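Each reported figure results from applying straightforward, stated rules to the coordinates on display, with no laboratory input. Keep in mind that what you see is a predicted model, and the values were worked out from it rather than measured. FYI the Cβ positions are ideal-geometry reconstructions off the backbone, even for glycines, and counts take in every protein chain you see.
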Amino acid sequence: MLAAKTAVAVVLLTAGGAKLADLAGFAATIRLFLPAWLPTRLPASARHGAIAIAAAELLAGAMSLCWPDLAWVNLAVLALSAGVVIAAGLGFARHRGQPCHCFGALTSRGFGLVGLLRAMAIAVAAAVACVPLWPAPQLHLAPAFHVLLLAGAALLAAAAAAAAKALLAQPGSAGTAA
């Protein structure tokens with residue numbers, strides 16, 4: 001359970017950090033899912049949505065990693081994972097081949113079956129993290145460990161953002177296949 005929780009937290013932190021570095025790309029993906037009849041002022045709304053989704057991933061990933069004994073965080077991570085599966089499924093059905101920017105500029109893969117299966121695997125791992133173990137293990141971490149885990153989460157997100165920015169800065173590059 002703890003391994004699944006950690007793996008999903010790392011994925012969320014990486015995706016959130018990379019999305020923040022490539023807000024324009026992720027906002028373009030969000031616009032794919034908006035109806036065409038909406039007003040043209042929505043690019044700003046799509047950017048705000050991109051920021052909100054990236055921030056939610058960072059917050060959920062950090063909370064899950066730093067406070068593994070908070071059961072309600074598991075449900076929030078599962079809800080986020082379900083949203084990713086829905087987006088991957090809709091993207092596969094309606095926008096196959098279009099870049100998803102799920103990991104910002106860290107990947108240039110488009111919506112496809114592999115991405116949908118990957119999203120489903122993440123959701124399964126998030127569901128496993130929600131299964132209560134009996135007897136429930138007691139995870140009592142000292143406050144210093146919470147601070148260290150939070151620092152590690154911040155470093156991971158910052159490294160993902162820096163890598164995504166570096167890829168964006170390369171001439172003629174919109175990301176790389178991951």
Kirkwood hydrodynamic radius, region 10-107, all distinct C-alpha pairs: what's the number in Å? 14.0
Lys, Arg +1 and Asp, Glu -1 on Cβ, resulting dipole of the chain about Cα centre, debye, nearest 20: 520
Can you tell which of 115, 4, 159 lies farthest toward the positive end of the dipole of region 2-169, using +1 and -1 charges on the Cβ of basic and acidic side chains (Lys, Arg; Asp, Glu)? 115
If I fit a long axis through the Cα atoms of helix 42-66 and take the longest principal axis of the Cα atoms of the chain, what angle between them do I get, 0 to 90°, rounded to 10? 20
I need the peptides 13-21, 77-85 ranked by packing, meaning the mean over residues of other C-beta atoms within 10 angstrom, with the highest value on top. 13-21, 77-85
Only helices counted: for the chain, with every DSSP H run of 4 or more residues adding -39500 (n - 2.57) and the sum spread over all residues, [θ] at 222 nm is -24000 deg cm²/dmol
Report, as a whole number in µm² per second, the diffusion coefficient that Stokes-Einstein gives for region 2-169 at 25 °C and 0.890 mPa s using the Kirkwood radius over alpha carbon pairs. 149
Just tell me the longest site-free run in the chain, where the sites are chymotrypsin sites (Phe, Trp or Tyr not before Pro) in a DSSP loop having at most 14 other beta-carbon atoms within 10 Å. 38-178
